[in-house]
């Protein structure tokens, strides 16, 4: 499977090399250049297959995905102790959440002047600063069935690999936890929650408003506002975003 990029040394090429160096499982890379990757073709692979819709409801999938994320997050925390070796383009996803970016997005989405949106613009720097003060790790941030590979060979436990790293960034472990829980269903979600283990309530309180703002920022970049953005827009009207922002600010003494 050949994946090409329109510019030299894109972040994804560097992330595959980074994960290999850190021992985090990824799809086999059979060739690489500054502008492309030759990856394992799952249609013909004897080791890996693409996840199915049914897989997203299986408990074994949830456990396998939890194991992959635990390894990713452990590697990220270790790597950030010596950040000089990280790809230069790797940054925290909250970095793009600035008052200027939100103001422009609000104009595009018709949110300017709404009290909750004006509160978001005033508060986003404090929320982002507190999120950066939490323990940081690697964030995948794009979990979905189309990006999940499962091991074909029978073993004591199913193995999973999450691939395609164009959204790879830095952030809190909870941000990935939330993203995975949204993608898995039923027994798979419950097994992931149990296998991953406890998550930080502080990270959760900060992630809710920040992830909402990130989603709205992404929606504003689209030619047409996507359907998945409707609940985010509704949160501005029904008071959910206002409450989430204020709860997040309470985790940062003096920031409110």
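For the range 118-137: of the residues being out of contact with any helix residue (DSSP H, G or I) (no Cβ under 7 Å at 6 or more places or on another chain) and assigned to a helix (DSSP H, G or I), which is farthest from residue 79 (Cα to Cα)? Steps first, please.
Start the filter on the range 118-137 by keeping residues that are out of contact with any helix residue (DSSP H, G or I) (no Cβ under 7 Å at 6 or more places or on another chain), which leaves 118, 122, 129, 133, 136.
Imposing the further condition that a residue be assigned to a helix (DSSP H, G or I) reduces the set to 118, 122, 129, 133.
Details: 118: 37, 122: 33, 129: 21, 133: 17 Å.
Of everything passing the filter in the range 118-137, 118 is farthest from residue 79 (Cα to Cα).
Name, by its number, the condition in (1) assigned to a helix (DSSP H, G or I); (2) in contact with a helix residue (DSSP H, G or I) (Cβ under 8 Å, 6 or more places away or on another chain); (3) under 18 Å from residue 94 (Cα atoms) that does not hold for residue 202.
(2)
The conditions are (1) on the phi < 0 side of the Ramachandran plot; (2) in contact with a helix residue (DSSP H, G or I) (Cβ under 8 Å, 6 or more places away or on another chain); (3) in contact (Cβ under 8 Å) with a residue 24 or more places away in the chain; (4) not in a helix (DSSP H, G or I), and residue 180 fails exactly one of them. Which is it?
Condition (4) is where residue 180 drops out.
Taking the stated definitions as given, is residue 215 in a helix (DSSP H, G or I) and either more than 15 Å from residue 117 (Cβ to Cβ) or modelled with pLDDT under 95 (or both)?
Numbers: in a helix (DSSP H, G or I): yes; either more than 15 Å from residue 117 (Cβ to Cβ) or modelled with pLDDT under 95 (or both): no.
So residue 215 fails the test.
So which of 29, 65, 13, 24 is touching a helix residue (DSSP H, G or I) at 6+ places or on another chain (Cβ under 6 Å) and either modelled with pLDDT under 95 or on the phi > 0 side of the Ramachandran plot (or both)?
Numbers: 65 fails: either modelled with pLDDT under 95 or on the phi > 0 side of the Ramachandran plot (or both); 13 fails: touching a helix residue (DSSP H, G or I) at 6+ places or on another chain (Cβ under 6 Å); 24 fails: either modelled with pLDDT under 95 or on the phi > 0 side of the Ramachandran plot (or both).
It is 29.
Taking the condition of being farther than 26 Å from residue 106 by Cα and touching a residue at least 40 places away in the same chain (Cβ under 8 Å), how many residues in the range 147-169 meet it?
So the answer is 15.
Residue 56 - would you say it is in a loop (DSSP other than H, G, I, E, B) and either within 20 Å of the chain's Cα centre (by Cα) or over 20 Å from residue 197 (Cβ atoms) (or both)?
On the way: in a loop (DSSP other than H, G, I, E, B): no; either within 20 Å of the chain's Cα centre (by Cα) or over 20 Å from residue 197 (Cβ atoms) (or both): yes.
Against the criterion (in a loop (DSSP other than H, G, I, E, B) and either within 20 Å of the chain's Cα centre (by Cα) or over 20 Å from residue 197 (Cβ atoms) (or both)), residue 56 does not qualify.
Listed residues 86, 38, 80; which is surrounded by 14 or more Cβ atoms within 10 Å (Cβ to Cβ), out of contact with any helix residue (DSSP H, G or I) (no Cβ under 8 Å at 6 or more places or on another chain), touching a residue at least 40 places away in the same chain (Cβ under 8 Å) and more than 18 Å from residue 179 (Cβ to Cβ)? Outline the logic, then answer.
Values: 86 fails: out of contact with any helix residue (DSSP H, G or I) (no Cβ under 8 Å at 6 or more places or on another chain); 38 fails: touching a residue at least 40 places away in the same chain (Cβ under 8 Å).
Within the list 86, 38, 80, the selection yields 80.
With the condition kept exactly as written, say whether any residue in the range 54-62 is in contact with a strand residue (DSSP E or B) (Cβ under 6 Å, 6 or more places away or on another chain), surrounded by fewer than 20 Cβ atoms within 10 Å (Cβ to Cβ) and either in contact (Cβ under 8 Å) with a residue 12 or more places away in the chain or under 24 Å from residue 135 (Cα atoms) (or both).
No: zero hits.
Please go through the range 107-117 and pick out each residue that is touching a residue at least 60 places away in the same chain (Cβ under 8 Å) and assigned to a helix (DSSP H, G or I). Talk me through it step by step, then tell me what you get.
Of all residues in the range 107-117, those touching a residue at least 60 places away in the same chain (Cβ under 8 Å) come to 108-109, 111, 114-117.
108, 109, 115, 116, 117, listed by residue number.
Considering only residues that are more than 10 Å from the chain's Cα centre (by Cα), in a strand (DSSP E or B) and within 20 Å of residue 89 (Cβ to Cβ), which ones fall in the range 146-176?
162
Sort out which residues of the range 218-256 are under 14 Å from residue 109 (Cβ atoms) and not in a helix (DSSP H, G or I), and write them in order of number.
Across the range 218-256, the qualifying residues are 222, 223, 224, 225, 226.
So which of 241, 210, 233, 217 is over 19 Å from the mean Cα position of the chain (by Cα), within 22 Å of residue 171 (Cβ to Cβ) and touching a residue at least 24 places away in the same chain (Cβ under 8 Å)? Break it down stepwise before answering.
Numbers: 210 fails: over 19 Å from the mean Cα position of the chain (by Cα); 233 fails: within 22 Å of residue 171 (Cβ to Cβ); 217 fails: over 19 Å from the mean Cα position of the chain (by Cα).
Result of the check over 241, 210, 233, 217: 241.
With the structure loaded, tell me whether residue 75 is more than 30 Å from residue 161 (Cβ to Cβ), outside any strand (DSSP E or B) and in contact (Cβ under 8 Å) with a residue 24 or more places away in the chain or whether it fails that test.
Values: more than 30 Å from residue 161 (Cβ to Cβ): no; outside any strand (DSSP E or B): yes; in contact (Cβ under 8 Å) with a residue 24 or more places away in the chain: yes.
Against the criterion (more than 30 Å from residue 161 (Cβ to Cβ), outside any strand (DSSP E or B) and in contact (Cβ under 8 Å) with a residue 24 or more places away in the chain), residue 75 does not qualify.
Of all the residues that make up the range 187-199, how many are farther than 17 Å from residue 160 by Cβ and in contact with a helix residue (DSSP H, G or I) (Cβ under 7 Å, 6 or more places away or on another chain)?
Residues that pass the stated criteria total 1.
The values are calculated or read from the model by the stated rules, or taken from the named source; none is laboratory data. Quick caveat: nothing in here was measured; it's all calculated off a predicted structure. We place every Cβ from the backbone using ideal geometry, glycine too, and count neighbours over all the protein chains shown.
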